[in-house]
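Presented below is the structure to which this report refers.
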Amino acid sequence: EGHGIAKWINQHGITGIVLEYRMPHGRSYVPLLDAQRAIRLVRANAKRWDIDPDRVGIMGFSAGGHLASTAATHFDKGDPQAKEAIDRESSRPDFAILVYPVVTMGDSTHGGSRKNLLGNNPTPELVELFSNEKQVTAQTPPIFLAHAVDDKPVPIKNSQDLYAALQAKKIPSQLLELPSGGHGLNGYKGPMWDAWQKQSLEWLAKLKIIPEQDAKD
């Protein structure tokens with residue numbers, strides 16, 4: 001979804017940066033380290049790239065949605081003593097947009113994603129750490145979720161449980177439950193696909209992350 005999404009958000013005044021992250025193959029922290037590095041890199045280059053360092057978000061789909069939800073629940077402020085400027089930056093995204101995301105590593109997970117990320121026999125502690133619905137705190141950034149109710153590979157419970165955790169902590173959040181479309185929302189086209197795009201932009205405008213006129217078609 002990455003390059004097509006980057007072009008779409010470009011049309012709404014948003015810079016799109018596509019992250020090609022390393023596959024974990026059981027090295028559970030590797031994708032997260034890549035996502036955190038990318039967020040720090042954008043902030044360190046914000047002035048040069050004409051980006052607002054306080055409006056850096058992350059977006060992810062399916063297994064990439066797990067990475068984006070992990071970045072939104074596992075972050076740090078950066079190391080002010082670091083030699084490299086990039087490492088001084090915060091890795092906390094200012095918002096996240098998650099579309100049919102894998103969120104949990106528990107019963108509702110996508111088996112292949114869990115095996116790839118955690119290996120064959122992960123400890124209960126590792127399962128909990130990467131079950132992002134269990135990692136929401138008062139510092140978690142605003143999150144928009146979109147998921148089809150008939151998604152079989154990645155059940156909507158992934159998004160529902162994260163949304164419930166966000167609401168419990170009073171984090172600005174929205175869950176768009178789409179009536180059909182399955183996993184991939186009918187191949188990235190049609191009314192279900194259009195609905196999350198339209199509503200996620202309206203949500204960003206409501207939070208004043210983008211100007212209202214940029215949320216319009």
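Summary table
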quantity	calculated
Using a Förster distance of 22 Å, the FRET efficiency for residue 180-residue 217 (Cβ separation, nearest 0.05)	0.50
Descending semi-axes in Å of the range 1-41, equivalent ellipsoid built from Cα gyration tensor	25, 12, 5
CD proxy at 222 nm, helix term only [per DSSP H run n ≥ 4: -39500 (n - 2.57); per residue of the chain; nearest 500]	-11000 deg cm²/dmol
Loop-located trypsin sites (Lys or Arg not before Pro) in the range 162-217, at most 11 other Cβ atoms within 10 Å (DSSP)	170, 189, 208, 216
Proximal lysines to residue 7, defined as alpha-carbon separation beneath 16 angstrom and excluding residues fewer than eight positions away on the same chain	189, 198, 216
Distance in nm between pseudo-label sites at residue 41 and residue 17 (7 Å out along the Cβ direction from Cα)	0.8 nm
Estimated vicinal HN-Hα couplings, Hz - the range 30-41 in sequence order (Karplus 6.51, -1.76, 1.60; Gly, Pro = x)	4, x, 4, 4, 5, 5, 5, 4, 5, 5, 4, 4
Restricting the range 11-113 to GluC sites (Glu not before Pro) in coil, as DSSP defines it, with at most 11 other Cβ within 10 Å	20, 84
With 5 Å bins from 0: P(r) over the range 98-217, alpha-carbon pairs, percent	2, 12, 19, 19, 19, 15, 8, 4, 1, 0
Partners for residue 134 among aspartates and glutamates (Cα-Cα distance below 12 Å; same-chain residues under 8 apart left out)	125, 161
Gaussian network model of the chain, springs between alpha carbon atoms under 10 Å - residue of 199, 81, 135 with greatest fluctuation	81
Karplus-derived 3J(HN,Hα), 6.51/-1.76/1.60, for each residue of the range 156-166, Hz, glycine and proline x	4, 4, 4, 6, 4, 5, 5, 4, 4, 5, 5
When the range 2-215 is reduced to its Cα atoms, the Kirkwood hydrodynamic radius in Å	17.4 Å
Derived scalar couplings ³J(HN,Hα) [the range 45-50; Karplus, 6.51 cos²θ - 1.76 cosθ + 1.60; whole Hz; x for Gly, Pro]	9, 4, 5, 5, 8, 6
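Values quoted throughout were computed directly from the atomic coordinates according to the rules given, and no laboratory measurement underlies them. Just so we're clear, the structure is a prediction, and the values are computed from it rather than from any experiment. Cβ coordinates were reconstructed from backbone atoms using ideal geometry, including for glycine residues, and neighbour counts include every protein chain displayed.
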